[in-house]
Amino acid sequence: MAEKAETKKTTPRQAMPEQKPEIRRRNFQEVPVGYTMEHAMTEASRCLQCKKPGCVEGCPVGVDIPGFINLITKGDMTGAIRNLWAKNSLPAVCGRVCPQEIQCEGLCIVGKKGDAVAIGNLERFVADYERMHGSGELPPREKPTGKKIAVVGSGPSGLTVAGDLVRKGHDVKVLEAFHKPGGVLVYGIPEFRLPKEIVFSEVAFLERLGAKLECNQVVGRTVSLDELFEEGYDAVYLGVGAGLPKFMNIPGENLVGILSANEYLTRANLMKAYLYPEVDTPIPIGKNVVVLGAGNVAMDSARTAMRLGADSVRIVYRRSRDEMPARKAEIHHADEEGIEFFLLTAPTRFVGDDKGRLTGMECLKMELGEPDASGRRRPIPVKGSEFMMDCDLVIVAVGAGANPLLTQTTPDLALNKWGYINADPETGKTTKKGVWAGGDIVTGSATVILAMGAGRKAADSIHNYLTWGW
Amino acid sequence: MFKIVQRKEMAGGTIVLNEIEAPLIAKKAKPGQFVILKANEAGERIPLTMADSNPEKGTITIIYMVVGKSTAIFKALKVGEGYQDVIGPLGKPTHLEKLGTVVCVGGGTGIAVLNPITKGLKEIGNNVISIIGARSKDILILEDEMQVASHKLHVCTDDGSYGHHGFVTEVLKQVLEKEDVKLVVAIGPVPMMKFVSKITKDFNVPTMVSLNPIMVDGTGMCGGCRVSVGGETKFACVDGPEFDGHKVDFDELMRRLQAYSEDEKKCYNDYCTLQQA
Ligand SMILES: Cc1cc2nc3c(=O)[nH]c(=O)nc-3n(C[C@H](O)[C@H](O)[C@H](O)COP(=O)(O)OP(=O)(O)OC[C@H]3O[C@@H](n4cnc5c(N)ncnc54)[C@H](O)[C@@H]3O)c2cc1C
Ligand SMILES: Cc1cc2nc3c(=O)[nH]c(=O)nc-3n(C[C@H](O)[C@H](O)[C@H](O)COP(=O)(O)OP(=O)(O)OC[C@H]3O[C@@H](n4cnc5c(N)ncnc54)[C@H](O)[C@@H]3O)c2cc1C
Ligand code: SF4
Ligand code: FES
């Protein structure tokens, strides 16, 4: 026994095979190519099967991590995927995009002395294995209840609600504003990090289960919330995300060549503009690209610009490396792909030529002062440190807000001061009878797994309501 | 698919009308609102204002000028075929109010957008004077429809081939000098709207224009459609598309419309070459 624990400790964390940086920086194929069965078995054997697993506490939806890993060691992939699905309806997505280092893997005991068990990589392996080799057998669906539910928005939170409720026998229809489902998973996160085929196969699975999906439905415009109730829906879930782009509000921001990350990534991902002119939507190609911000959105924008052929891509961020909110793996990947980081730097204005096209950006150096409300040290401008940076494309990735399109047309829905919907954190109930909300439209920009967790809680609450009342 | 039930070519084939089956949108559409259309899987999302809608029949009508690849692809669609995606109604509807005498000024395909607004203004009891213009007689559209929608109609052509020889702004000036005009609505090419707004400012007459910046989603999610109005940034797709003409930065709009012009020109030429081959 002691010997076994010893080998566990000495087995190194299995590195994820990846495309080489010099090659991948100019293509849109997925960067990590995935574990082989052998990698997965070896990595799974590193798990100590703790009695009181820290990792489970670190997972916002409480996946039974030692459980599914144990099933991998036994070679029972069907058991492993069932185990994952019990808590997480989109494991192929989460394995790729969750910030594991601050969640499950951050609390893994093995990680205290060495490298944590690669939980995310294993989750991805099991889900990919199921997609490629699984029976595709549908989970059981309870007998029809005759209740109708409308889910507004097809991002991770809406898809989770739809999946849970359709299994409980309800009649579910998902309404999506864009012409394709998936929310940020499709329009925001690039192909090289999350292949769209994975998201579409999840959606197809939901449709096979019996959920209906209608795209091109802008709720608040094409149909109002009250009209949905008039049409006979018994409950409505709002998972419309936080899709309002924020800008810097500094001089020159409307010059040609300055785009929100939302616009840039939507062109690249949803409209597939990286294939232009094979597809009809163009995207600006920058020689010297600057990305403002340092979250996942900024990394995705920078790496997209590099893949579209930029000579240089610079991330400009007003705080230091430690405060960068992006997943660690993405910062590392960006670094490897030759993206430069200008930290403790903030833009003050943009300058352009006589045609109104961007030619440069004036910046100011910053230093870190006392911690602010977020607990991070506040950046303070250094007097007289202005300097110019040449650039022909700037992508603004400094956050997103609540899109007021739907909430404006639904006055009886209470909002907080930032325009997000007030919903009970335990149930997702809003102030309007029969209406639930969750995901980014409640919390502000957060993560895929939190949006899914909120969806699951709301689905339970909706099911209770349809069975017992409000 | 959103099926085309009627198709008409106007202005020598440079402008095309499509009546499209879109019952949900037709039920909701109001004058001044637009839709976004995408022809096929590889297509671009193109915003076009609804020139008409028929809730009983469940159809909407669009009228567009063929200016690039996407509109050329639209033009190739026949009756019975259709658009893969149509999204709407988008944008704020025109605020229609009884004011007295109002002037509606339209140029090019802007006349198509102006027509339902003109109709609406007349229906609620305004005295409507309309001025429409085109480069020459053979590319002037909707003259009869505008005649019906207005109490008085002036027609101008740049080359003098029909009606007043000259720009709509010249006729507008004469009207403003004679009549007590409460509102001017101007829809057309950006330079036209810019000059109309300049003149009405001198006469201190409130002016509404409809802006056509480049758009992607049309729901306020990308900010590509941003325009400066009174020094503030607005998203035309949700805050507009109609704005106070006296406050719009038209020069900025013109520059932003050129953002992709080189790519687009090449793409269109390649497409035309391919079609001919
Ligand atoms: C570029 C980018 C990278 C990211 N990377 C990561 C990452 O690596 N890891 C991570 O955990 N999180 C990441 N996030 C955050 C994560 O994607 C979001 O927190 C999550 O997608 C929120 O899910 P949601 O279901 O609430 O909303 P969304 O995914 O935003 O989906 C909302 C959907 O609702 C639709 N909609 C909006 N309004 C209407 C309406 N009126 N009618 C009908 N439909 C409507 C939208 O079109 C959209 O499809 C990233 C976000 C972005 C933008
Ligand atoms: C709210 C709104 C309503 C409109 N209504 C009408 C209408 O009723 N009839 C009509 O003929 N035109 C209308 N337009 C303009 C129309 O959308 C453009 O002419 C069309 O997108 C051109 O596409 P293209 O590929 O054929 O041409 P392209 O080769 O792409 O471009 C030609 C020119 O069209 C403009 N343009 C390109 N892409 C877009 C875009 N996505 N959005 C807006 N402009 C663009 C640019 O100035 C460009 O230089 C409207 C635009 C907006 C924003
Ligand atoms: S869902 Fe996310 S946090 Fe939970 S185990 Fe999987 S990767 Fe870790
Ligand atoms: S078109 Fe995207 S915000 Fe207006």
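Remarks
- Checking each residue in segment B:19-46 for being within 26 Å of B:LYS122 (Cβ to Cβ), in contact (Cβ under 8 Å) with a residue 40 or more places away in the chain and of a type outside the set (A, V, I, L, M, F, W, C) picks out B:GLU19, B:LYS28, B:LYS30, B:PRO31, B:GLY32, B:GLN33.
- Selection status of A:VAL203, open to solvent by less than 20 Å² (accessible area, probe 1.4 Å) and either more than 27 Å from A:THR409 (Cα to Cα) or away from every other protein chain (no Cβ under 11 Å) (or both): yes
- For segment A:48-68, a residue qualifies if it is in a helix (DSSP H, G or I) and more than 19 Å from the chain's Cα centre (by Cα), and the qualifying residues are A:GLY54, A:CYS55, A:VAL56, A:GLU57, A:ILE65, A:PRO66, A:GLY67, A:PHE68.
- For A:LEU71, the test of being among the hydrophobic types (A, V, I, L, M, F, W, C) and in contact with a helix residue (DSSP H, G or I) (Cβ under 6 Å, 6 or more places away or on another chain) is passed.
- Listed conditions (1) open to solvent by 70 Å² or more (accessible area, probe 1.4 Å); (2) of a type outside the set (A, V, I, L, M, F, W, C); (3) at pLDDT 80 or above are all met by B:LYS265, apart from (3).
- B:VAL171 vs. criteria in contact with a Cys (Cβ under 8 Å, 6 or more places away or on another chain), in a strand (DSSP E or B) and either more than 16 Å from ligand 3 (Cβ to nearest atom) or away from every other protein chain (no Cβ under 14 Å) (or both): no
- If you filter segment A:436-450 down to residues that are open to solvent by less than 50 Å² (accessible area, probe 1.4 Å) and out of contact with any helix residue (DSSP H, G or I) (no Cβ under 7 Å at 6 or more places or on another chain), you find that the one that is nearest to ligand 1 (Cβ to nearest atom) is A:THR447.
- Among the residues of segment B:254-267, none qualifies, meaning not one is under 30 Å from A:SER301 (Cα atoms), among the aromatic types (Phe, Trp, Tyr) and touching a Lys or Arg at 6+ places or on another chain (Cβ under 6 Å).
- Residues of segment B:192-242 that are of a type in the set (S, T, N, Q) and more than 22 Å from A:PRO251 (Cβ to Cβ): B:SER197, B:THR200, B:ASN204, B:THR207, B:SER210, B:ASN212, B:THR219.
- Taken across segment A:69-85, residues that are assigned to a loop (DSSP other than H, G, I, E, B), away from ligand 2 (no atom under 16 Å from the Cβ) and in contact (Cβ under 8 Å) with a residue 40 or more places away in the chain do not occur at all.
- Scanning segment A:185-198 for residues that are part of a helix (DSSP H, G or I) and more than 16 Å from ligand 3 (Cβ to nearest atom) yields A:VAL186, A:TYR187, A:LYS196, A:GLU197.
- Segment B:198-220 residues that are under 22 Å from B:THR169 (Cβ atoms), paired with ones that are within 8 Å of ligand 4 (Cβ to nearest atom) (beta carbon under 7 Å, 6 or more apart): B:LEU211/B:ALA236
- Cβ-Cβ under 6 Å pairs, at least 6 apart or on other chains, segment A:365-377 side outside any loop (DSSP other than H, G, I, E, B), far side at pLDDT 90 or above and open to solvent by 100 Å² or more (accessible area, probe 1.4 Å): A:MET366/A:ARG318
- Taken together, the criteria place A:PHE125 among residues that are in contact with a Phe, Trp or Tyr (Cβ under 6 Å, 6 or more places away or on another chain) and either more than 16 Å from ligand 2 (Cβ to nearest atom) or open to solvent by less than 20 Å² (accessible area, probe 1.4 Å) (or both).
Listed here are the residues, each with its yes/no results for (1) over 28 Å from A:ALA268 (Cα atoms); (2) not small (Gly, Ala, Ser).
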{"site": "A:ALA326", "(1), (2)": "no, no"}
{"site": "A:GLY356", "(1), (2)": "no, no"}
{"site": "A:GLU362", "(1), (2)": "no, yes"}
{"site": "A:ARG378", "(1), (2)": "yes, yes"}
{"site": "A:MET389", "(1), (2)": "no, yes"}
{"site": "A:ASN403", "(1), (2)": "no, yes"}
{"site": "A:TYR420", "(1), (2)": "no, yes"}
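- Members of segment B:234-254 found to be in a helix (DSSP H, G or I) and within 17 Å of the chain's Cα centre (by Cα), listed by number: B:ALA236, B:CYS237, B:VAL238, B:ASP239, B:PHE250, B:LEU253, B:MET254
- Subset tally (residues that are open to solvent by 10 Å² or more (accessible area, probe 1.4 Å) and either more than 11 Å from ligand 4 (Cβ to nearest atom) or among the hydroxyl-bearing types (Ser, Thr, Tyr) (or both)) for segment B:220-249: 13
- Of all the listed residues (A:SER385, A:SER374), the sole one being exposed (fewer than 13 other Cβ atoms within 10 Å of the Cβ), of a type in the set (S, T, N, Q), out of contact with any His (no Cβ under 7 Å at 6 or more places or on another chain) and farther than 28 Å from A:ARG267 by Cα is A:SER374.
- Test: residue in segment B:80-88 that is open to solvent by less than 50 Å² (accessible area, probe 1.4 Å) and of a type in the set (S, T, N, Q): no
- Counting the residues of segment B:137-157 that are assigned to a helix (DSSP H, G or I) and open to solvent by 100 Å² or more (accessible area, probe 1.4 Å) gives 4.
- All positions within segment A:378-412 that are assigned to a loop (DSSP other than H, G, I, E, B) and in contact (Cβ under 8 Å) with a residue 24 or more places away in the chain: A:GLU386, A:CYS391, A:ASP392, A:ALA397, A:VAL398, A:GLY399, A:ALA402, A:ASN403, A:THR409, A:THR410
- For B:MET254, the conditions (1) open to solvent by 40 Å² or more (accessible area, probe 1.4 Å); (2) free of Cβ contacts under 8 Å to residues at least 40 places away in the same chain all hold with the exception of (2).
- In summary, strands (runs of 3 or more DSSP E) completely within segment A:206-292 and bearing 2 or more residues that are open to solvent by 10 Å² or more (accessible area, probe 1.4 Å) occur at A:212-214.
Conditions tested, residue by residue: (1) more than 28 Å from A:ASN249 (Cβ to Cβ); (2) surrounded by fewer than 23 Cβ atoms within 10 Å (Cβ to Cβ).
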site	(1), (2)
A:ASP390	no, yes
A:VAL396	no, no
A:THR409	no, yes
A:TRP418	no, yes
A:ASN422	no, yes
A:GLU426	yes, yes
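- Residue match in segment B:88-103 (condition: of a type in the set (A, V, I, L, M) and within 14 Å of chain A (Cβ to nearest Cβ)): yes
- Filtered by the rule that a residue be away from chain A (no Cβ under 14 Å), surrounded by fewer than 20 Cβ atoms within 10 Å (Cβ to Cβ) and free of Cβ contacts under 8 Å to residues at least 60 places away in the same chain, segment B:47-60 gives B:ASN54, B:GLU56, B:LYS57.
- Residues of segment A:66-106 classified as of a type in the set (Ser, Thr, Tyr) and away from ligand 3 (no atom under 13 Å from the Cβ), total: 2
The values are calculated or read from the model by the stated rules, or taken from the named source; none is laboratory data. Small disclaimer: the values here were computed from a predicted structure and weren't measured. Please note: Cβ atoms are built from the backbone with ideal geometry, for glycine as well, and neighbour counts cover all protein chains shown. We work out accessible area using only protein heavy atoms, side chains counted, and drop any ligands, DNA or RNA first. Shrake-Rupley method; radii C 1.70, N 1.55, O 1.52, S 1.80 Å.
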